[in-house]
Amino acid sequence: MQKVYTKKLWIVLFTLCFPLAGLLAQQCTSPGANCSSIAQNFNSGDAGFNPQTNPPSVGDFVYSATTGDFRSTSPAPNISYVLTSPRYVLVGSAPVTIGFDLSKSTINPSAVTRITLSVHYEFFVINLAGDTVWHLGAAQTQFTGFCSNVCAQVSDPRFTAGFNVLFRLTIETNSTAAGGSIVVDNFSNGAAAAPLPVDLRAFVAKRNNSSVVLSWETVTESNVKGFEIQRKSGNGSFEKIGFVDSKAPNGNSNSTLQYNFIDLNNNNSAASQYRIVSVDLDGRTKISIIRVVDGLKGLAKIMIYPNPSNGPVNVVFPNSDARDIQVSDQLGRVHASWRSYKNQDLVLNKLAPGFYVLRVTNVFTNQKEVFRLTVTK
């Protein structure tokens, strides 16, 4: 989804003391956008933002700790200068605001072809084989030429509270680029999003005799202190059993990092549940999905929560065995089904209010289990 806006030129009174960039300074703002609230000023670090150039072998676009901004001191012709945020979680619905301050740049304005503000996201679908397939999407706004400040609102039907996004600024130079600088500062998101402490993926828990090995990886980390490990045995409550410090420098990373934790002497006869609580440097937390492992004398069971539910229903399987799954209503009509589903997590999020039957068959053992679900809205 894309919108293109023309520029509004400022009328500037000038003398010979002002450089050309100052003469043609412009603010580019899409209708309804307000970037007066600064989410990151970069004075204390890069906040997990990632500067890049395209092609990657050209340019010097980097974070400057001295000036507290991102800059290229010698912009090259026909290059895209790209700044990408860490993951943020939306606290409201569409439209989403994104903006940056470029007023300290001294590049000749005519050397910039366009500036793009975009909001990127991932979403997944489950195919007929039961595999989770990730897709990429984006909504963007473009401004032609150079702008001293850029601020826009972008919309997408998926932009709802709790949705994870990346913010991106792209500045494209043309063949006339020579001299001056590109300086990016003061990121704004209109208070519509908060930094996501961590994007945690691939969380696995496996029993090894009397111990349980937990392993997980993060795709991005923003201001992360570390990970609190919690365990629940039987019908008890989740309790803290350990803490793992973040491997990210200063708590910020855009690279995949791998972690593990060993729960020694887990001699519980019943099944145990594990979860990871990501803790950022400001004390905010995010709780992971739950993993279930067998006890020494009993097999872990399929876990369903919440049930009843007024929205999505989470189904957690104790292992990655292939399963045939079917969801039907009281009249026997099938609303969803999967064959040889191997993931440990399944989210049922498109069920209308009513009563349902969840049937699960283990492909290898032919064990059949039936559960009743209630959805209220």
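Residue-level analysis places Tyr341 among those that are within 28 Å of the chain's Cα centre (by Cα) and among the aromatic types (Phe, Trp, Tyr). When restricted to residues that are among the small types (Gly, Ala, Ser) and part of a strand (DSSP E or B), the stretch 270-311 contains 3.
For the stretch 153-172, a residue qualifies if it is over 21 Å from Glu221 (Cα atoms) and crowded, with 20+ Cβ neighbours inside 10 Å, and the qualifying residues are Gln153, Val154, Phe159, Ile171. So is Thr361 in a strand (DSSP E or B) and polar (S, T, N, Q) or not? In short, yes.
Condition test on Asp282, is it loosely packed, with under 15 Cβ neighbours inside 10 Å, at pLDDT 90 or above and within 26 Å of the chain's Cα centre (by Cα)?
Working: loosely packed, with under 15 Cβ neighbours inside 10 Å: yes; at pLDDT 90 or above: no; within 26 Å of the chain's Cα centre (by Cα): yes.
For Asp282, the condition - loosely packed, with under 15 Cβ neighbours inside 10 Å, at pLDDT 90 or above and within 26 Å of the chain's Cα centre (by Cα) - is not met.
For the stretch 76-96, the set of residues classified as crowded, with 22+ Cβ neighbours inside 10 Å and either outside the structural domain of Ser118 (by TED's automatic domain parsing) or modelled with pLDDT of 90 or more (or both) consists of Tyr81 only.
The values are calculated or read from the model by the stated rules, or taken from the named source; none is laboratory data. All values reported here derive from a predicted model rather than from experimental measurement. All Cβ positions, glycine included, derive from the backbone under ideal geometry; neighbour counts span all protein chains shown.
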